[in-house]
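Engineer: Below is the structure I would like to discuss, written out as structure tokens.
The values are calculated or read from the model by the stated rules, or taken from the named source; none is laboratory data. Remember, it's a predicted structure, so these values are computed and weren't measured experimentally. Glycine also receives a Cβ, built like all others from the backbone with ideal geometry; neighbour counts cover every protein chain displayed. Note: accessible area is taken over every heavy atom of the protein model, side chains too, but ligands, DNA and RNA are not part of it. Shrake-Rupley method; radii C 1.70, N 1.55, O 1.52, S 1.80 Å.
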Amino acid sequence: MPVGGLVPRAVENAADVVVRNAKIHTGDARRPEAGALAIRDGLITAVGADADVAPLIGPATTVVDALGRRVVPGLNDAHLHVIRGGLNYVLELRWDGVTSLRRALAMLREQAARTPKGQWVRVVGGWSAEQFAERRLPTPAELNEAAPDTPVFVLHLYQSAILNRAALRAVGYTADTPDPRGGRIVRGRGGEPNGMLLAAPSALVLYSTLAKAPALEGEDRRTSTRHFLRELNRFGLTSAIDAAGGFQNFPENYAAVTELAREGLLTLRIAYHLFPQTPGQELADLTRWIETVRPGDGDEWLRLNGAGENLTWAAADFENFAEPRPELDSYEGEFEKAVRLLMEHGWGFRLHATYDETIRRDLAVFEKLAAEGLFPAGNRWLFDHAETVSPDSLDRIAALGGALSVQNRLSFQGEVFARRYGPGAAAEAPPIRAMLDRGLTVAAGTDATRVSSYNPWVALHWLVSGRTVGGTALRPRQNRVDRRTALAMYTTAGAALTGEQDVKGVLRPGCYGDLAVLSDDYFTVPEQDIPDIESVLTIVGGRIVHAAADYEGMDEELPAVSPDWSPVARFGGYQASGRGSAPAAGARQAELLGEVVAESELHRHWRVERGLATAHTQPFDPCFLL
């Protein structure tokens, strides 16, 4: 297509895609800014001005006029449960981005009416009570009212789950059901469960209850995964490192992404980890895996990156900040055997470690092996989360050649963390600047989908502002990062964790043609509006995998959402503010106040029903007295 004097002509090595008239942030220190680039056979072949790419435009070249928009390298979530999330995506009602509990309950009520008998309504992560205007959780009574007959399961962070009566019946919880180890079933006066489940501190009771819900099968799993990947592409994600996790079994739960990769249908590059699922059997599982495959043996679309995020269950601490830090039993013996086995066979790993107490114990094992010359033996390894890691531990991590991956879990859990540990600890959770100042590779991610939202711009906002989704300022300026550093944590640092730093995370010739054309300029948009950014065009390996706004219809077609009663079919995924087409700030402010007033009216009805107020109580205004 001829655009601005760029006329297609028959040329050798013509580009498949050209992006022009753009404000390109390349991430390449040698050429940080550009106006155009060209992609051929999945790789960038030219970066420069419009005139530099004009000779590469052939008759079949797709020319994208960015209309002066900001273009950035494709984002890479360094800790995302993308495989597990894809298997369940179309079954979940997402409250990510919803600003009022009233709206959330209305969505739930509508979805319950659409959900067939035998199926559940489930809200699984991506939200916090602090994001609602009402600043509270739904009650079991509200779930019962919204869905009297359809099982409802609502997960809130790592702390709790709320079930309606139909869900309690479906899972078989009664007065005779004992509390599971590390969890609590909250009960009423007669001993019957009231609908609240508490992690105390283990979230196993929450996840094992969720696992009783019906699952997708066959082609629906593939379709769900494809829609989840497209949802991630919507925000400019082009890569993710899957951190595995509980209830994610290999190979059966990896079959959907494996099949899609085989057919060339992945729209997100995935590097995955393997997590031994059975306590007491971890070494046997690791042994079987290392005898079968080696990390890095895949391709640029799907590749094994090592073991983790747990190597042995006993070494895992829990991140329910509403509960005290758990005291772990002795685990070093089996843990050392697992690390030794991996090092001897060229496997890297990542480790879930929330607290410095756990990190120090792990480091002691690594240092013992290092003294024998067995660690890290040229293998990549890292700690995940590390909210309370100490300066001394950071020095030890650096000395052992480790890296870190931090997530914005405190976007959603920050208030409860501060209540337990105090504002001083919250200001350094995690100590990002101290990590970077030591020259450590520090990648960023979300840990979605069971706590944080998968929206990377919410995480980038947290890195830059230090604020939660409820607006609470936790981290002072000295523990925040500037926008360029935050973006690098979401691009080049993630590539380093998978050994792909030479081909991924920057826009320069020879690198993957992965990029996002943004709805707003990340570098100039007001800080509070960073979470509202989306991609209007996402390209992975030269393929347009998401297209919106001026580019609608340019992306690859997806099969329809299945089943047709899916919450995603009705509501979609992340509930964007729609800032670009939303009413002005004053009107939006009035809308929010209206939601709170409506909530107040519900409270008034509640008081009337209990005899605490009369049905026609009138306010007294002395201005009307004569």
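Engineer: Which number in (1) within 30 Å of A418 (Cα to Cα); (2) acidic (D, E); (3) in contact with a helix residue (DSSP H, G or I) (Cβ under 8 Å, 6 or more places away or on another chain); (4) open to solvent by 30 Å² or more (accessible area, probe 1.4 Å) marks the one condition that D317 misses?
Structural biologist: (4)
Engineer: Go through segment 55-83 and give me each residue that's open to solvent by 30 Å² or more (accessible area, probe 1.4 Å) and either on the phi < 0 side of the Ramachandran plot or more than 30 Å from the chain's Cα centre (by Cα) (or both).
Structural biologist: P55, L56, P59, A60, T62, D65, R69 - these are the residues of segment 55-83 that are open to solvent by 30 Å² or more (accessible area, probe 1.4 Å) and either on the phi < 0 side of the Ramachandran plot or more than 30 Å from the chain's Cα centre (by Cα) (or both).
Engineer: Does V152 count as within 27 Å of A316 (Cα to Cα), open to solvent by less than 30 Å² (accessible area, probe 1.4 Å), of a type in the set (A, V, I, L, M) and in contact with a Leu (Cβ under 6 Å, 6 or more places away or on another chain)? Give the steps one after another, and end with the answer.
Structural biologist: Working: within 27 Å of A316 (Cα to Cα): no; open to solvent by less than 30 Å² (accessible area, probe 1.4 Å): yes; of a type in the set (A, V, I, L, M): yes; in contact with a Leu (Cβ under 6 Å, 6 or more places away or on another chain): yes.
Taking the combined requirement at face value, the residue does not satisfy it.
Engineer: Could you give me the residue pairs with C-beta distances under 6 Å whose first residue belongs to segment 300-327 and is without any contact (Cβ under 8 Å) to a residue 40 or more places away in the chain and aromatic (F, W, Y), whose second residue is open to solvent by 50 Å² or more (accessible area, probe 1.4 Å) and not in a strand (DSSP E or B) wherever it lies, and which are 6+ apart or on separate chains?
Structural biologist: W313/P279
Engineer: Could I ask something else about it? Hey, A353 hits all of (1) more than 21 Å from T498 (Cα to Cα); (2) hydrophobic (A, V, I, L, M, F, W, C); (3) touching an Asp or Glu at 6+ places or on another chain (Cβ under 7 Å) but one; which does it fall short on?
Structural biologist: (1)
Engineer: What is the residue count in segment 342-362 for residues that are within 23 Å of S390 (Cα to Cα) and in a helix (DSSP H, G or I)? Spell out the reasoning first.
Structural biologist: Just the residues of segment 342-362 that are within 23 Å of S390 (Cα to Cα), to begin with: 349-362.
Filter again for in a helix (DSSP H, G or I), leaving 356-362.
Residues flagged as within 23 Å of S390 (Cα to Cα) and in a helix (DSSP H, G or I) within segment 342-362 amount to 7.
Engineer: Now for a separate question. Within the set of pairs 6+ apart or on separate chains, which have a first residue in segment 220-244 that is more than 23 Å from I530 (Cβ to Cβ) and open to solvent by less than 10 Å² (accessible area, probe 1.4 Å), a second that is among the aromatic types (F, W, Y) and in a strand (DSSP E or B), and C-beta atoms under 8 Å apart?
Structural biologist: That search, which allows pairs on different chains as well, returns D242/Y272; A244/Y272.
Engineer: I would also like to ask the following. Quick test for you: out of A434, A427, A403, pick the one residue that is aliphatic (A, V, I, L, M) and either buried (at least 21 other Cβ atoms within 10 Å of the Cβ) or within 20 Å of A364 (Cα to Cα) (or both).
Structural biologist: Details: A434 fails: either buried (at least 21 other Cβ atoms within 10 Å of the Cβ) or within 20 Å of A364 (Cα to Cα) (or both); A427 fails: either buried (at least 21 other Cβ atoms within 10 Å of the Cβ) or within 20 Å of A364 (Cα to Cα) (or both).
Going through A434, A427, A403 in turn, the sole match is A403.
Engineer: Run I162 past the list (1) β-branched (V, I, T); (2) closer than 30 Å to A496 by Cα; (3) in contact with a His (Cβ under 9 Å, 6 or more places away or on another chain) and report the number of the one that doesn't hold.
Structural biologist: (2)
Engineer: Which of the residues that make up segment 201-219 are in contact (Cβ under 8 Å) with a residue 40 or more places away in the chain and closer than 17 Å to E263 by Cα?
Structural biologist: E219, the sole residue that qualifies.
Engineer: If you scan segment 532-541, which residues turn out to be within 25 Å of S411 (Cα to Cα) and either open to solvent by 30 Å² or more (accessible area, probe 1.4 Å) or in a loop (DSSP other than H, G, I, E, B) (or both)?
Structural biologist: Answer for segment 532-541, where residues must be within 25 Å of S411 (Cα to Cα) and either open to solvent by 30 Å² or more (accessible area, probe 1.4 Å) or in a loop (DSSP other than H, G, I, E, B) (or both): D532, I533, E534.
Engineer: What tally of residues in segment 413-424 results from selecting those that are open to solvent by 10 Å² or more (accessible area, probe 1.4 Å) and either in contact (Cβ under 8 Å) with a residue 40 or more places away in the chain or within 20 Å of the chain's Cα centre (by Cα) (or both)?
Structural biologist: Taking segment 413-424 first, the residues open to solvent by 10 Å² or more (accessible area, probe 1.4 Å) are 415-416, 418-424.
Of the ones still in play, those that are also either in contact (Cβ under 8 Å) with a residue 40 or more places away in the chain or within 20 Å of the chain's Cα centre (by Cα) (or both) are 415-416, 418, 420-421, 423.
Matching residues across segment 413-424 total 6.
Engineer: OK, next. Need the failing condition index for I83 against (1) part of a helix (DSSP H, G or I); (2) closer than 16 Å to N13 by Cβ, just the number.
Structural biologist: (2)
Engineer: Also, I was wondering about something else. Considering segment 87-121 alone, what residues qualify as being open to solvent by less than 20 Å² (accessible area, probe 1.4 Å), polar (S, T, N, Q) and within 20 Å of L216 (Cβ to Cβ)?
Structural biologist: Q111, T115, listed by residue number.
Engineer: Here is a further query. Can you tell me which residues in segment 463-518 are part of a helix (DSSP H, G or I), farther than 29 Å from V98 by Cα and among the β-branched types (V, I, T)?
Structural biologist: Selection gives T492 alone.
Engineer: Can you pull out the residues in segment 253-299 that are part of a loop (DSSP other than H, G, I, E, B) and surrounded by 16 or more Cβ atoms within 10 Å (Cβ to Cβ)? Before you say what the answer is, go through the steps one by one.
Structural biologist: Of the residues in segment 253-299, the ones part of a loop (DSSP other than H, G, I, E, B) are 263-268, 275-281, 291-299.
Listed by number, the residues that qualify are L265, L266, T267, L268, F275, P276, Q277, P295, G296, G298.
Engineer: Give segment 336-353 a look and list any residue that's open to solvent by less than 10 Å² (accessible area, probe 1.4 Å) and either in contact with a Lys or Arg (Cβ under 8 Å, 6 or more places away or on another chain) or over 15 Å from A315 (Cα atoms) (or both), or say none.
Structural biologist: Let us first name the residues in segment 336-353 that are open to solvent by less than 10 Å² (accessible area, probe 1.4 Å), namely 338-339, 342, 347-351, 353.
The answer is L342, W347, G348.
Engineer: Right, next: Among the residues that make up segment 545-557, is at least one of them touching a helix residue (DSSP H, G or I) at 6+ places or on another chain (Cβ under 9 Å), at positive phi and surrounded by 16 or more Cβ atoms within 10 Å (Cβ to Cβ)?
Structural biologist: no
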